[in-house]
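Worksheet: one structure, shown below.
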Amino acid sequence: MKIMRYWFCLLCILLFVFLSGCKNNKKPQQISQVCFEEHCFQVEIADTDATRQMGLMYRESLPSQSGMLFVFDTSYPHGFWMKNTLLPLDMIWIDEDKKIVDIQTAIPCNADPCPSYIPSGNATYVLEINGGGADRYDLQTGDIVDFI
């Protein structure tokens, strides 16, 4: 009986050591580009409360093939506003299946309170690009997006 208990304890210890080495250390995919059928945007990632709150405020320019991708933990109709944003922007809401659910053009806010831009559906991601970019690149609701 003592020997069985010894082997059982030894087996438990070995199993614990083995399984603790099996944890997933793989980091989530780092996104650097958001691509549509024929065009890609270099993006900055806003995936923390601080970076999402700051967004593109106070920027005086944005390169034509650049943008900011807001990444959320949950799918929801995440609303945006243009307070302290100096550039007109296109906001492109993207769902968890990487499909465009809404596109809206937003202009800089000179009044208080600033209007909110609310999508017509739930989204996990929001891409902000220069105003007019969605039309220029013929982006449409229902288009599929690829993150690279």
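Table for the structure above
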item	result
Filter result (within 22 Å of S32 (Cα to Cα) and surrounded by 13 or more Cβ atoms within 10 Å (Cβ to Cβ)) within segment 64-77	Q65, S66, G67, M68, L69, F70, V71, F72, S75
Unmet criterion (only one of (1) crowded, with 20+ Cβ neighbours inside 10 Å; (2) at pLDDT below 95) for L89	(2)
Residues being touching a residue at least 40 places away in the same chain (Cβ under 8 Å) and farther than 21 Å from P115 by Cα - total across segment 36-68	11
Condition met for D143 (in contact with a strand residue (DSSP E or B) (Cβ under 6 Å, 6 or more places away or on another chain), over 21 Å from D73 (Cα atoms) and either basic (K, R) or surrounded by 14 or more Cβ atoms within 10 Å (Cβ to Cβ) (or both))	yes
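The values are calculated or read from the model by the stated rules, or taken from the named source; none is laboratory data. Predicted, not measured: the structure shown is a model, and the values here were computed from it. Note that each Cβ is placed from the backbone with ideal geometry, even for glycine, and that neighbours are counted across all protein chains shown.
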